[in-house]
1. Is it the case that some residue within segment 18-32 is touching a strand residue (DSSP E or B) at 6+ places or on another chain (Cβ under 6 Å) and among the acidic types (Asp, Glu)?
2. Which residues, taken from segment 253-277, are open to solvent by 60 Å² or more (accessible area, probe 1.4 Å) and either within 18 Å of residue 341 (Cα to Cα) or in a helix (DSSP H, G or I) (or both)?
3. When both residues are 6+ apart or on different chains and their Cβ atoms are under 7 Å apart, which pairs have a first residue that lies in segment 126-154 and is over 14 Å from residue 268 (Cα atoms), and a second that is among the hydroxyl-bearing types (Ser, Thr, Tyr) and surrounded by fewer than 24 Cβ atoms within 10 Å (Cβ to Cβ)?
4. Quick check on this structure: which one of 190, 185 is touching a residue at least 12 places away in the same chain (Cβ under 8 Å) and either of a type in the set (D, E, K, R) or buried (at least 18 other Cβ atoms within 10 Å of the Cβ) (or both)?
5. Being under 30 Å from residue 218 (Cα atoms), open to solvent by less than 10 Å² (accessible area, probe 1.4 Å) and in contact with a strand residue (DSSP E or B) (Cβ under 6 Å, 6 or more places away or on another chain) narrows it down to one of 106, 161, so name that one.
Amino acid sequence: MRSRVIGGEFELSSVSPIVPMQGDYYRYASGRAALYQILMSIKLTTFKVWLPDWLCESMIDAVRKTGIVYGYYSLDRNLRMDVQTFVETNKPISEHDVIVLVNYFGLIDVDRTIEELRRLKVFSVVVEDDVQAMFSFLDDEHLADYCFTSLRKSIAVPDGGLVRTKKEMLSVKSPNTFAGYKLHGALIKGAANENTNDDDYLRLFEKGEDLIEQNYESVMSDEATRIFAATDLEFVAKRRKVNANYLIAELSKLDIEPLLPIGEGIVPLFVPILIDNRDEVRGKLRRNGIFCPVHWPLRDDMQQLPMGRVMAEKELSLVVDQRYNMEDMQSIVEVLKKSLCK
């Protein structure tokens, strides 16, 4: 019988000794800090930033902080930019504009969209948001001018936003003020037993979350660098794919398809689904110790985003990460069956 909770922030048992980090990246405190630093590096020549109509509020906050004008473009049913409509509606599109393309859950072929834009003579700067797609980010080849990711979405690091680009960017040196709280919380959670008060680590996670907005000019912590360098990414990828494949097969028996197809070789962040009674199902999962996030709640200033409204009501992200095994996946399926098959 499963006894542990599924979902929530990553736990840690220890911090690895010094291990050299591979890869030529600019390192910042978070994904939003990475986006902010990208935009600030090109601010003097930027006319406008284009964002998708389904996104995390932190992206909007990062763009607002730069002071650059921004607007939205529409996504199609496959969560890709409707390139033809975008070009026809907004032409001429300046080469000084910035287009942000989100690799949702690591399941979007961003290069394909860039190729379509170039065929239609759109030569704006392209930023690839791989916050949900760390493994795509780590691939060597990208057509985007800038790519960035947030490590703490995928592995047990307290902080860390990476940027890869051939262009010049400013490095930052100020230590970030939230990593310590996230790290302390993760270590307490990793050592938790039946006598542990969950509030002990939840308060630390929340304190760290509250401080992220104050760290746009901060660097990735040494602890995060060491943990990332020592992480067995091959194991992480394999476990996620095995868990996702099992869930997809079982969901098909319930006539539920993933929000996006998960191709062979793809490492998903979650298995996202759309269900009409999402909040009811999510509540039942929570009562069974299974905490699945939604992407993303809408603030009042985001109500005008069409795709965002649909997803805020129906999207549910099923957890498949490397902490969990087949028994955990079976637990998710059993609760879903009881919730959906009445």
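The values are calculated or read from the model by the stated rules, or taken from the named source; none is laboratory data. Owing to the predicted nature of the structure, the values given are computational and were not obtained by experimental measurement. For neighbour counting, all protein chains shown are included, and Cβ atoms are generated from backbone atoms with ideal geometry for every residue, glycine included. Surface areas here come from the heavy atoms of the whole protein model, side chains and all, with no ligands, DNA or RNA. Shrake-Rupley method; radii C 1.70, N 1.55, O 1.52, S 1.80 Å.
1. No - not one qualifying residue is present in segment 18-32.
2. Result: 253, 255, 257, 274, 276.
3. Hits for this filter: 145/165; 146/165.
4. Numbers: 190 fails: either of a type in the set (D, E, K, R) or buried (at least 18 other Cβ atoms within 10 Å of the Cβ) (or both).
The conditions single out 185.
5. Working: 106 fails: in contact with a strand residue (DSSP E or B) (Cβ under 6 Å, 6 or more places away or on another chain).
From the options 106, 161, the qualifying one is 161.
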